[in-house]
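One structure is given below, encoded as structure tokens.
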Amino acid sequence: EEVPATGISAASRKIASLSSPLRAIIRLRRRYRVQKKSRLHLELPREKPAEFVHTRLLQRQLSLNRTGLYGPSMSLFNQAVFESSQYFTFDTSVEQHAMKKCRRKKNRRKYRMVLYPDKTKRYLPTKEKSKAKRCLFLLMAIIFFQILNAIENLDDNLQKYDLDGLEKTMHREVFGQKVAVESIVELLKDYLATHIHNKPLVISLNGPTGVGKSHVGWLLAKHFRSVMANDFVLQYFVMHHCPSGAAPLTCETDLSKKISDIVARAEIEEKTPLFILDEVELMSPVLLDTLSGFFEPNQTNEFLNAIYILISNIGGGEITKFLIQNDSAELLRQHQGAEELVSIIQPVLSDVHPLWKSADIVPFVLLEKTHVINCFLEQMRREGLYPNQKHLEHLVSQLSYYSTGDKQYSRTGCKQVVAKVNL
């Protein structure tokens, strides 16, 4: 049925007479419904169960009853709105679930957009650089350069003494003592790498007569005189500098004065002096006590920077006995055999005097017949002689030998080679 015109005009008059707060509430509800519809129309379930439809009808009836309190005009207005749009309810179970789900999606999108924007470059967040790390890197660099500088200084110091050239000369001119030569050069390299030490270097060359101990001492003196000066090398022969008739105190004073003067001059020029003491087994106890005082670690700095070479035949009998009984010439050409010999000689030297406790012992072994032949050839070359093979074999056969199996060891080494060649 059509509504009369008079009824419509009366309803419009009643609506106009409503207060402004009520109209504001109506506008807010209308906007809220529109926004609600735009947000949730996709989230509402498409197939509604019977219970859900019944609940919706009850909620709609309650809302109609409430709007009837404002009058028939208000009921008509709200009815038209309900027919045209979605109505408001207080059932928030489905709406809250949809809103939470929508909010999760929005938050997730927002989080992704912040961390990894689509249209901007992706950069990791800048980290604050720690000053402690910079200081640590600087300290490591300083230590590295100091170590590098120390290594370069070691090389420079070794080059000053030309130990590589010394090693080549000794291998060329000393026969049958390869392990001994390598041990001496290794000790010199370790000691001469720096100029600051806590004790002097004491090397004791021990072995039978004629095996090359004095020849090694002569080569060392010659080499260090060439790289330093004659003032920093002392060759002390007991039979010459302190003969049997001399007073021991006089010899002790003379030796102490020579060592002190050389050490003082070497300290001024920052060089390491070399003292070669031959025939130590003939030294008196007074001289041995004097040397022992120079070997002590608790001294002034200049006496700590010195090299002492002690040459003696002490322990030669033990070396000969060990070599003949075990026939271990091949073993003695290795460092393992040399260490075994040192363990045999050490107690014998300690019984003679305690100064050998602070010495590095280098044993010299017996020379084979082939080594003696090389000694003859070298001496003849120096004298300008060119013998034939028969003459050389005749000279070699004049010496006496120890025979063990298929090897022969010279009893006197190369001791008589010079005399035989001159004869």
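The values are calculated or read from the model by the stated rules, or taken from the named source; none is laboratory data. Just so we're clear, the structure is a prediction, and the values are computed from it rather than from any experiment. Cβ placement follows ideal geometry from the backbone for every residue including glycine, while neighbour counts extend to all protein chains displayed. Areas reflect the complete protein model, heavy atoms only, side chains present, ligands, DNA and RNA absent. Shrake-Rupley method; radii C 1.70, N 1.55, O 1.52, S 1.80 Å.
What are the residues in the stretch 206-228 that are touching a residue at least 24 places away in the same chain (Cβ under 8 Å) and of a type in the set (G, A, S), if any? Of everything in the stretch 206-228, those that are touching a residue at least 24 places away in the same chain (Cβ under 8 Å) and of a type in the set (G, A, S) turn out to be G207, G210, G212, S214, G217, A221. Under the condition of being under 35 Å from the mean Cα position of the chain (by Cα) and either within 24 Å of V238 (Cα to Cα) or polar (S, T, N, Q) (or both), the residues counted in the stretch 267-277 number 3. Note on the stretch 371-415: residues that are touching a residue at least 24 places away in the same chain (Cβ under 8 Å) and over 21 Å from G315 (Cα atoms) total 15.
For the stretch 378-400, indicate whether the set of residues that are open to solvent by 30 Å² or more (accessible area, probe 1.4 Å), touching a strand residue (DSSP E or B) at 6+ places or on another chain (Cβ under 6 Å) and either under 30 Å from F237 (Cβ atoms) or of a type in the set (D, E) (or both) is non-empty. Among the residues of the stretch 378-400, not one is open to solvent by 30 Å² or more (accessible area, probe 1.4 Å), touching a strand residue (DSSP E or B) at 6+ places or on another chain (Cβ under 6 Å) and either under 30 Å from F237 (Cβ atoms) or of a type in the set (D, E) (or both), which makes the answer no.
Of D360, D351, all but one fail to be out of contact with any His (no Cβ under 9 Å at 6 or more places or on another chain), open to solvent by 80 Å² or more (accessible area, probe 1.4 Å) and over 21 Å from R172 (Cα atoms); the exception is D351.
Per the listing V362, V348, V372, the residue uniquely under 20 Å from E182 (Cβ atoms) and either of a type in the set (D, E, K, R) or touching a helix residue (DSSP H, G or I) at 6+ places or on another chain (Cβ under 9 Å) (or both) is V362. Residue check: is Q325 within 48 Å of the chain's Cα centre (by Cα), over 30 Å from D190 (Cα atoms) and without any contact (Cβ under 8 Å) to a residue 40 or more places away in the chain? In short, yes. Residue count for the stretch 253-294 satisfying the condition of being open to solvent by 10 Å² or more (accessible area, probe 1.4 Å) and either of a type in the set (V, I, T) or touching a Cys at 6+ places or on another chain (Cβ under 6 Å) (or both): 5.
Only one of the listed residues (I259, I345, I276) is modelled with pLDDT of 90 or more and not in a helix (DSSP H, G or I). That residue is I276. Selection of strands (runs of 3 or more DSSP E) fully inside the stretch 356-423 by the criterion of at least 2 residues being farther than 30 Å from L291 by Cα and among the polar types (S, T, N, Q) returns 401-404, 407-410. Counting only helices (runs of 4 or more DSSP H) that sit completely within the stretch 146-249, those holding 2 or more residues that are more than 19 Å from L291 (Cα to Cα) correspond to 163-173, 178-192, 213-227.
Within the stretch 334-392, if we keep just the residues that are of a type in the set (S, T, N, Q) and under 43 Å from the mean Cα position of the chain (by Cα), the residue that is nearest to D406 (Cα to Cα) turns out to be Q334.
When the residues of the stretch 374-420 are filtered to those that are more than 22 Å from L323 (Cα to Cα) and among the aliphatic types (A, V, I, L, M), the one that is modelled with the lowest pLDDT is L385.
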